[in-house]
1. Under the condition of being part of a strand (DSSP E or B) and at pLDDT below 90, which residue from the range 176-211 is farthest from ALA108 (Cα to Cα)?
2. Taking the range 301-321, which residues are in contact (Cβ under 8 Å) with a residue 60 or more places away in the chain, more than 18 Å from TRP134 (Cα to Cα) and out of contact with any Lys or Arg (no Cβ under 7 Å at 6 or more places or on another chain)?
3. Using the structure shown, decide if GLY272 is at positive phi, in the same structural domain as GLY215 (by TED's automatic domain parsing), without any contact (Cβ under 8 Å) to a residue 40 or more places away in the chain and not charged (D, E, K, R).
4. Check the range 38-54 and report whether any residue there is under 30 Å from PHE142 (Cβ atoms), modelled with pLDDT of 85 or more and assigned to a helix (DSSP H, G or I).
5. Tally up the residues in the range 212-233 that are touching a strand residue (DSSP E or B) at 6+ places or on another chain (Cβ under 6 Å), at pLDDT 90 or above and not in a loop (DSSP other than H, G, I, E, B), please.
6. Just give me the residues in the range 163-173 being at pLDDT 75 or above and closer than 14 Å to ILE192 by Cα, in sequence order.
7. Failed condition for GLN71, given (1) out of contact with any Phe, Trp or Tyr (no Cβ under 9 Å at 6 or more places or on another chain); (2) under 26 Å from ARG28 (Cα atoms); (3) in contact (Cβ under 8 Å) with a residue 24 or more places away in the chain, with all others met?
8. In the range 132-177, what count of residues is obtained for those that are surrounded by fewer than 21 Cβ atoms within 10 Å (Cβ to Cβ) and either of a type in the set (Asp, Glu) or outside the structural domain of VAL303 (by TED's automatic domain parsing) (or both)?
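The values are calculated or read from the model by the stated rules, or taken from the named source; none is laboratory data. Small disclaimer: the values here were computed from a predicted structure and weren't measured. Cβ: placed from backbone, ideal geometry, glycine included. Neighbour counts: every protein chain shown.
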Amino acid sequence: MVTKRHRYAHMVPRPEHPRLRSPMSDRRPLPPFAPLRAFDAFGRTGGIRRAATWLGVDHAVVSRQVRALEQWIGVPLLDRSPGQGQGTLNAAGRAYHARIAAALDEIASATEALRLGDASHLSVWCVPGFAFHWLVRRLGAFRAEHPEIDLVLRPTDARASFWSDGVDADIRYRLDGAPGGAPDGAYDTPGIRRVDLARPVVFPVASPDFIRRAGTIRTIGDLPALPLLAEEDSHEWLAWFARQGVAVPRITPAARLWHAHVVLAAAREGQGVALANPFLVADDLERGTLVRLGPPGAPFPGVEIGAYTLFVPETRRDRPALVRFSTWLSRTAGAFLPPER
């Protein structure tokens, strides 16, 4: 006699042996992608805030997602002991990151190859001042030389997140001493190659009307008393004074205007003194709408405080269109700057 229990025994689910899984099933232990991506960004940049800047999210999001990954795996990946700030990768975290970073790079490369089926497409981001005053005027020559390349230029102050924005290259002004070109070190990360295009000399400029109102300016030490215009903060001014050998412990800009071309527009209107370089003001100096500051007949010498830099992800650096563009850009930018003597 078959009991009721045995009659329905075949309907009770049983643990499935790995070898007996259906070919269509997928039960691989894959973690959720958002926490994995946050952890990868942390490993590449070395910090929660840098990872947040790189991903374009709030630092609390990165911190929360890294903890979520640790909970999902069941293994601590960060050392959060006192003195470690927001944490550093522990031994398990370093080993895990080395493997998942390589896998994510391969996914990015495969996706790019598929997405960019047309290998002639090229997406370039650029700081607005360099794009507006110099680069856009010369892109016609690049297109004439390489008509096969579909170049899209986006002037923006935002630094590209190459792995999410689909950007091939980014042109920034990298201030000497600032990792990755900015205090947050957004590009000071593994997997991103940088090429300095040009190191222009930097000098103060103002409108002729402002100079008449300001009176005689004899030394560099006279400048801190004048209204100084800046983009985002005082870093460039402080670096410039330091290279001139003038001790200026603190500067409060008269205006912060975010974009170089807006700062120069304010200088043309007589609102103050701006720092500039030949890429930005060659036309103004020729027309006389802006004038270099200094005692009569002897403008203050320009000094190098940074470089226009091309940032390229390692996964895309060998793309033929990108190689041609970077070669053209380096050649053209380098030839533009005669040495100042």
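1. Restricting attention to the range 176-211, the residues satisfying the condition of being part of a strand (DSSP E or B) are 192-198, 201-206.
Subsequent filtering for residues that are at pLDDT below 90 retains 192-195.
Working: ILE192: 13, ARG193: 16, ARG194: 19, VAL195: 22 Å.
Of everything passing the filter in the range 176-211, VAL195 is farthest from ALA108 (Cα to Cα).
2. Scanning the range 301-321 gives PRO301, GLY302, PRO313, THR315, ARG316, ARG319, PRO320, ALA321.
3. On the way: at positive phi: yes; in the same structural domain as GLY215 (by TED's automatic domain parsing): yes; without any contact (Cβ under 8 Å) to a residue 40 or more places away in the chain: no; not charged (D, E, K, R): yes.
Considered against the rule, which asks whether it is at positive phi, in the same structural domain as GLY215 (by TED's automatic domain parsing), without any contact (Cβ under 8 Å) to a residue 40 or more places away in the chain and not charged (D, E, K, R), GLY272 comes out as no.
4. Initial filter on the range 38-54 (under 30 Å from PHE142 (Cβ atoms)): 54.
With the extra rule that they be modelled with pLDDT of 85 or more, the set shrinks to none.
Looking through the range 38-54, none of the residues is under 30 Å from PHE142 (Cβ atoms), modelled with pLDDT of 85 or more and assigned to a helix (DSSP H, G or I).
5. 2
6. In the first step, residues of the range 163-173 are kept if they are at pLDDT 75 or above; the result is 167-173.
Result: VAL167, ASP168, ALA169, ASP170, ILE171, ARG172.
7. If we test GLN71 against (1) out of contact with any Phe, Trp or Tyr (no Cβ under 9 Å at 6 or more places or on another chain); (2) under 26 Å from ARG28 (Cα atoms); (3) in contact (Cβ under 8 Å) with a residue 24 or more places away in the chain, just (3) comes out false.
8. 6
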